[in-house]
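Novice: Mind having a look at this structure? Questions to follow.
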Amino acid sequence: MTSNAPTSSAAAKGGTAKAALLFRVLCLVALMALGASYFTPAWWVALKAPNYPEHAFPDGVKINFHVDRVANGCELRASKEILEKEALDCVHEMDTINHFVGMYPIASGGPVEKLLSPFLFSFIGVCILGFAVPGVGPRLTVMGLGFAGVAVWMTMALYTANGVQFVGKGWVAGLVDSLGRSEDETKEENLHPVVKQLKESLAKSGIAVGNEGPKLAAAATKAQLVEVLKVVHDMKAPVSLTDPTVGKWTGRGIDVMAWHYAESLGRWFNEPVRNQRLVAIMTTATHVVYGAVLAAMLMFLWIATRPRSPLFLAIAAVPIILPIGFLAEYSAWLWWYGHSLNAMGAFTLKPFMPTVFGDGKVAQFSTHSYPALGFGLMMVVGVSMAVAVLVRRSLPDAAKD
């Protein structure tokens, strides 16, 4: 009689190899989706009302939430009734609507998350790579180098002089866009200092543009945007709401975040004591998250040496919960907006929870809040890694190392 043992053994090895390849392909898909999600809108919100007719606002007053900024969601209108050369700045429009009921500007939400987003997404990317790389030695090398790079990058951006240059352009452009919004920018003499500085900077580069702040920010380089922040900071420093010890421009990411957060809070409602307290809370939160990320790096490096332990799945759990984490953060900040209404608002409105998902109504406005492409990509990250975990669990212990 002939034995089928060699054939069965070969088939088993072939099945194991295919499963191992599958879970690593799934990790690669998750990594690519993670990178794409950072650069695309994750969520959008729109307000509609009778005084915003469809021919003028086809999508309502719409804004897009990115992980590092809030951007205009209104597009150039193709209308017979209105000739428009530039898309409306609907972030400014929504801010104007909201401030009548005492709501803080949109730019004042999530200051820590937006600042730290490139480092947190890079941290998640290293976790995905660590979960996929075979062998304890190679895994530790990849994760160690990756975490070290993120740690150095984050430290330089937050705590070194002019570290703001190491943060992504999207975040810096978001700050400049926000600072450049004022009540009347239609006349040259009424231009916000930010817009004036951008025009001068771009003119030196041979770029001629109009007065639209967001368009200027998109055309400028990151170095030009940082220089504009510095000039405007120095102009406002004597009356800035930030702590006097940070009144001088340092260019550290954490100081720029604190200064801009204070400026956002005080845009409509200038209450230095209250606003300084909120700035202090967000600054402390930044320090805490920074330390927590470094501690998590060390913990995951230790876990990486134990590929057969159930703890190893914690490395994959981080990208799996990404969409859940985003929704939790988004919902929490919406709650803060609706429950932190300032008494200086022109109209009194009871604290409320804005619509997180779906359609709602606030006063005469209908609200619409739905996920965008970026959130869909986050879901791809989570689902791909969840399936990768299931496939990896089916592998024999020897193949998990």
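The values are calculated or read from the model by the stated rules, or taken from the named source; none is laboratory data. It should be emphasised that the depicted structure is a prediction, and the values quoted were computed from it without experimental measurement. Every residue, glycine as well, gets a Cβ built from its backbone with ideal geometry; the counts of neighbours run over all protein chains shown.
Novice: Among the helices (runs of 4 or more DSSP H) confined wholly to region 78-176, which include 1 or more residues that are surrounded by fewer than 18 Cβ atoms within 10 Å (Cβ to Cβ), on the phi < 0 side of the Ramachandran plot and modelled with pLDDT under 95?
Specialist: Once the helices (runs of 4 or more DSSP H) in region 78-176 are filtered for at least 1 residues that are surrounded by fewer than 18 Cβ atoms within 10 Å (Cβ to Cβ), on the phi < 0 side of the Ramachandran plot and modelled with pLDDT under 95, what remains is 90-99, 136-159.
Novice: Condition check: aromatic (Phe, Trp, Tyr), within 23 Å of Val231 (Cβ to Cβ) and in contact with a helix residue (DSSP H, G or I) (Cβ under 7 Å, 6 or more places away or on another chain). Does Phe147 satisfy that?
Specialist: No.
Novice: Tell me, which residue of region 337-355 that is in contact with a Ser or Thr (Cβ under 9 Å, 6 or more places away or on another chain) and surrounded by 15 or more Cβ atoms within 10 Å (Cβ to Cβ) is nearest to Val389 (Cα to Cα)?
Specialist: Thr355
Novice: Still on this structure, I have one more. Taking Phe375 as the residue in question, decide whether it is free of Cβ contacts under 8 Å to residues at least 24 places away in the same chain, surrounded by 14 or more Cβ atoms within 10 Å (Cβ to Cβ), touching a strand residue (DSSP E or B) at 6+ places or on another chain (Cβ under 8 Å) and under 24 Å from Lys48 (Cβ atoms).
Specialist: No; evaluated as a whole, the condition is false for this residue.
Novice: Out of Phe352, Phe365, Phe357, which single residue is within 30 Å of Glu54 (Cβ to Cβ) and at pLDDT 90 or above?
Specialist: Phe357
Novice: Under the condition of being free of Cβ contacts under 8 Å to residues at least 24 places away in the same chain and assigned to a helix (DSSP H, G or I), which residue from region 288-308 is surrounded by the most Cβ atoms within 10 Å (Cβ to Cβ)?
Specialist: Top of the filtered list is Ile303.
Novice: Quickly run through region 307-334 and pick out the residues that are farther than 30 Å from Gly135 by Cα and of a type in the set (Phe, Trp, Tyr).
Specialist: Hits for region 307-334 are Phe326, Tyr330, Trp333.
Novice: What number of residues in region 48-63 are part of a strand (DSSP E or B) and either surrounded by 21 or more Cβ atoms within 10 Å (Cβ to Cβ) or of a type in the set (Phe, Trp, Tyr) (or both)?
Specialist: 3
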